[in-house]
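Below you'll find the structure, written out as structure tokens, and then a few comments.
The values are calculated or read from the model by the stated rules, or taken from the named source; none is laboratory data. Predicted model, so just to flag it, every value in this text is computed and none were measured. Note that each Cβ is placed from the backbone with ideal geometry, even for glycine, and that neighbours are counted across all protein chains shown. Note: areas computed on protein heavy atoms with side chains; ligands, DNA, RNA excluded. Shrake-Rupley method; radii C 1.70, N 1.55, O 1.52, S 1.80 Å.
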Amino acid sequence: MAGLKAVSDVVRLTLDRLVQEVRPGVTTGDLDAVAAQLLAAHGARSAPALVYGFPGTVLISINDEIVHGIPGARRIVAGDLVKIDVTVEKDGYVADAARTVVVEPGSSVAHALAACARAAFAAALPVARAGVPVNEIGRAVADEARRRGFTVVAGLAGHGVGRTIHEPPSVPNEYDRFQRDVLTEGLVITIEPMVSAGSSQAIQDRDGWTLRTRDGSLSAHYEQTILITRGAPAVLTGDA
């Protein structure tokens, strides 16, 4: 547990810093460089780079980009909806979290969408207890998104985590009646609503990494690593 706490702390600290650095004129590459320095200072590594060969330290996606955006020369501008996904390995443990930042002055849709992703996570969190079917998490996420007038992105899901990035079980953001997995005490998973203002379908860019909404509509992402218990789950990467 100490190892999970340590890596989760690095994830949280890195996200806190990157959120503070988001502003017009900064490139996604600039943010990635800050992340790389922070991870190195804490004896940690980028899990996506380590496991999958991702060409960056953290994943940064803007506007209609949903997830897996590659950091680079793109400059952030006023009104952007910036998603930062940080997955860290430290001493053999892995934790994962993401936040969405509205670069002011943001549109009402951007603000509502970012709030929806966070609210969908909050709606699912009380469901995540030992003995509960995993698909109940997806039901809670999708219901909250629909209640707010948005949709979850089909096919993108949370997952088990702890020793590598993606472990069983898959944690879909919608109810899957065919899923038979049940949450067990001690299981470490991510809950990560990815919601869209339009299409529920994702398409992949030519770069082989970036996923964006099929119709170009805005998307938002919120994620935490949690520990399943018999009672309320522990949010290991919690940003309070």
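Number of residues in the range 98-117 that are touching a strand residue (DSSP E or B) at 6+ places or on another chain (Cβ under 8 Å) and either β-branched (Val, Ile, Thr) or open to solvent by 10 Å² or more (accessible area, probe 1.4 Å) (or both): the value is 8. Contact map, the range 1-30: first residue acidic (Asp, Glu), second residue at pLDDT below 95 and not in a helix (DSSP H, G or I), Cβ cut-off under 9 Å, separation 6 or more or different chains; pairs are Asp16/Asp239. Among the residues of the range 128-138, the one identified as assigned to a helix (DSSP H, G or I) and out of contact with any strand residue (DSSP E or B) (no Cβ under 9 Å at 6 or more places or on another chain) is Glu136. Would you say Ala123 is open to solvent by 10 Å² or more (accessible area, probe 1.4 Å), touching a helix residue (DSSP H, G or I) at 6+ places or on another chain (Cβ under 6 Å), of a type in the set (A, V, I, L, M) and part of a helix (DSSP H, G or I)? Judged against the criteria, Ala123 is a match.
For the range 228-240, check the following and say yes or no: at least one residue is open to solvent by less than 20 Å² (accessible area, probe 1.4 Å) and among the acidic types (Asp, Glu). Scanning the range 228-240, I find no residue that is open to solvent by less than 20 Å² (accessible area, probe 1.4 Å) and among the acidic types (Asp, Glu), so the answer is no.
Yes/no per residue for (1) of a type in the set (Phe, Trp, Tyr); (2) touching a Phe, Trp or Tyr at 6+ places or on another chain (Cβ under 9 Å); (3) closer than 27 Å to Gly72 by Cα; (4) surrounded by 21 or more Cβ atoms within 10 Å (Cβ to Cβ):
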position	(1), (2), (3), (4)
Phe178	yes, no, no, no
Gly186	no, no, no, no
Pro193	no, yes, yes, yes
Ser199	no, no, yes, no
Arg212	no, no, yes, yes
Gly216	no, no, yes, no
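Given Val77, Val134, which one is β-branched (Val, Ile, Thr) and open to solvent by 10 Å² or more (accessible area, probe 1.4 Å)? Among Val77, Val134, only Val77 is β-branched (Val, Ile, Thr) and open to solvent by 10 Å² or more (accessible area, probe 1.4 Å).
Could you say which residue among Gly3, Gly29 is closer than 16 Å to Ile165 by Cβ, of a type in the set (Gly, Ala, Ser) and surrounded by fewer than 21 Cβ atoms within 10 Å (Cβ to Cβ)?
Working: Gly29 fails: closer than 16 Å to Ile165 by Cβ.
Within the list Gly3, Gly29, the selection yields Gly3.
Considering the range 155-239, the qualifying strands (runs of 3 or more DSSP E), each wholly inside and each with 1 or more residues that are in contact (Cβ under 8 Å) with a residue 40 or more places away in the chain and hydroxyl-bearing (Ser, Thr, Tyr), run over 188-191, 194-196, 211-213, 219-221, 224-227.
For Arg118, state whether it is of a type in the set (Lys, Arg) and under 16 Å from Gly29 (Cα atoms).
Values: of a type in the set (Lys, Arg): yes; under 16 Å from Gly29 (Cα atoms): no.
The answer is no for Arg118.
Considering the range 32-43 alone, what residues qualify as being buried (at least 18 other Cβ atoms within 10 Å of the Cβ) and either at pLDDT below 95 or not hydrophobic (A, V, I, L, M, F, W, C) (or both)? Within the range 32-43, just Asp32 meets the criteria.
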